[in-house]
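Let me begin by presenting the structure, written as structure tokens, before commenting on it.
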Amino acid sequence: MMRRWTREARLSLARLPNLPGLARAPSAPAHIIRDLWPGDAGHGARLIKGHFHFGFRDRKLNLNDWEHVELPGPEREWLHGFTWLRDLRALGSDEARLCARAIVGSWLDHPPTDPLIVDAATTGARLAAWMGHYDFFAASADEVFRQRLMDRLLVEGRTIAALLPLPVQGWRGLTALKGLLAAAVSIPSQSGFLSRFLRYLDQDIDRLLLPDGSLAERSPEAQLQTARELAEMSAILRMAQMPPAPAVIAGLARVCPVLRAMRHADGGLAIFNGASEHPPGFVEMVLQHGARQRLLAPSMPDSGFIRVAAGKSLLFVDGGMPPPHGFDRMAHGGPLSFEFSHGRQRLFVNCGSAPMGAWEHALRATAAHTTLVLDDRSCVDFAADGGLSRRPAHVTARQTAQDGAHWLDLSHDGYRTTLGANWRRRLYLNAEGSDLRGEETVEAEREVPVALRFHLHPDVSAQISDERDEVILHAEENIWRFRHDGGALSLEDSVYTGDGQLRRTAQIVITAPVPPKTAPEIVQDDVVADTTDSLEILDHVEEAGAEARSDTDSSHAEMPAPEVPDTDAAVADRKDGSSTKPSPAVTAQAFHQTIHWMLEKVPE
């Protein structure tokens, strides 16, 4: 109680402009810093016309009321963060300059009382944006405007300093510290800004990063945003001719190799847990600012993500536990989901994410991922605060390789408490990357509807055969054939938002249980036998010896499966204290369903 009272008292004092006995802010920043990232000139043109685009829709920008009570929280955060100033700067015209000045001036005239005004991350984004674009919109303004801006900068910097230490909020905590650093280099007389930045930076990075350099949020998006924030901090210190912060350098050295490993061959990010592709040039720009060496993380055991490269193909699998409480605000219900690409063309994808509204909830659901869905339910539940209120107790993953081919053995019990069901997924990818196969096994206490979903990238066209036993995929100049056994095959509508747009696409869906006669004999003889034989090689490799094996072990995702002994290490406890031992078998296995499937590249 005393700590809370002290914090609120500090915050109240911080919000007072021109505190008695303290020097006033200078009329201009001591150091000019420059925002590193490109803007969207098209969106800048919308802003000049009094509109903005966010969350797949256009809205009118009201400059007379910055409370914006009618707008959702994420939209208000974005508006108050002022990162869109780079979109006006991208236009580079005097009209854009004057528009930016007018919008900032209107905010200074009508600072909101919204709780976001004391949200450290939003405040940090605003300060970094104001100073990062100062030479664009403020340097040529009159002295009255510049003094008002700098006075506000001082108040906002004090606000962030008073809010430290910050609660757990993922990578957004770095945005707050970046804003405090921008204020520190702009007003060096406020030495407390820099000292508090350095004091709390190590703490924030330590709780964000896992030992392998992955983020606790387990999201390629968080990985990118963390690298971007740290790269920006490094650039601000250089522009101010200040010594680099060791924590920033060390953090970038750990984050960037993992970020590089989470990209498809087209240069964009894999789509897991709230990620977007992002333009390949932007991701590469962040990496260039963040790390001089082009290192690629060989594995990501602590996050549980598995990256398999074979020939021209890349397979990404989410083989880890959902992120812990406090880091799960953007977590999706997609454990064991995967993405698959060949060359620069993505074939199987997850649907993506949305920042707010009905689309946000729909795209976080299990059904929006390339994975298995039972009884049309998600394998996790979402709490009112956006985090997870129910999650799997166990997620297991093992990777085995031999002669260039790869086998994955995966399972989770996310449906154990709601449906009494466990699910095991086994994947095989040949050395050439032209043959991807899977075996999906569900064991439950009662019969449950099963839907196996494969979402297609919008650039892939699909056509189901007349016999309805296979789907032909056209991807760039390649043709792929998808076959299955164990259920009814259909081609259904889907959506994709991974590139920032809401695009229509398709999904392959296998539903079960169905009467056995619906599976043609030719499929039984061909696909099932070949797929089962390929996947059973995993057991033979284990029996032959450990030298051909490459295990993926982590505190979040670990094997062995019960029938494959792990001779390398004993089962350890997860960092959160719960066991990583494989989930118990369903007590009464009244229902057993196995689906085999195969994606095969048609020879040219």
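The values are calculated or read from the model by the stated rules, or taken from the named source; none is laboratory data. This is a predicted model, so every value here is computed, not measured. Ideal geometry is used to build each Cβ from the backbone, glycine not excepted, and the neighbour counts take in all protein chains shown. Protein only, heavy atoms only, side chains kept; ligands, DNA and RNA dropped before computing areas. Shrake-Rupley method; radii C 1.70, N 1.55, O 1.52, S 1.80 Å.
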Helices (runs of 4 or more DSSP H) fully within segment 21-102 counting 2 or more residues that are surrounded by fewer than 20 Cβ atoms within 10 Å (Cβ to Cβ) and modelled with pLDDT of 95 or more: 41-48
Matching residues, segment 216-237, being polar (S, T, N, Q) and either surrounded by fewer than 24 Cβ atoms within 10 Å (Cβ to Cβ) or not in a helix (DSSP H, G or I) (or both): Ser219, Gln225, Ser234
Enumeration of residues in segment 135-160 that are open to solvent by less than 10 Å² (accessible area, probe 1.4 Å), under 25 Å from Leu198 (Cβ atoms) and either touching a residue at least 40 places away in the same chain (Cβ under 8 Å) or among the small types (Gly, Ala, Ser) (or both): Met150, Leu153, Leu154, Val155, Gly157, Thr159, Ile160
Checking Thr370 against (1) outside any helix (DSSP H, G or I); (2) under 19 Å from the mean Cα position of the chain (by Cα); (3) without any contact (Cβ under 8 Å) to a residue 40 or more places away in the chain, the condition it does not meet: (3)
Flag for Phe327 being touching an Asp or Glu at 6+ places or on another chain (Cβ under 8 Å), in contact (Cβ under 8 Å) with a residue 12 or more places away in the chain and not aliphatic (A, V, I, L, M): yes
First in segment 67-85 and among the small types (Gly, Ala, Ser), second anywhere and in a helix (DSSP H, G or I), Cβ under 7 Å, 6 or more apart: Gly81/Thr122; Gly81/Ala125; Gly81/Arg126; Gly81/Ala129
Selected residue (only one of Arg446, Arg437 is within 18 Å of His596 (Cα to Cα), among the basic types (Lys, Arg) and out of contact with any Leu (no Cβ under 6 Å at 6 or more places or on another chain)): Arg437
Checklist (1) modelled with pLDDT of 95 or more; (2) open to solvent by 20 Å² or more (accessible area, probe 1.4 Å); (3) within 20 Å of Pro324 (Cα to Cα) applied to Arg260, failing item: (3)
Every residue from segment 200-214 that is part of a helix (DSSP H, G or I), in contact (Cβ under 8 Å) with a residue 24 or more places away in the chain and surrounded by fewer than 16 Cβ atoms within 10 Å (Cβ to Cβ): Asp202, Gln203, Arg207
Meets criteria (in contact (Cβ under 8 Å) with a residue 40 or more places away in the chain, within 14 Å of the chain's Cα centre (by Cα), closer than 27 Å to Val460 by Cα and buried (at least 24 other Cβ atoms within 10 Å of the Cβ)) for Gly319: no
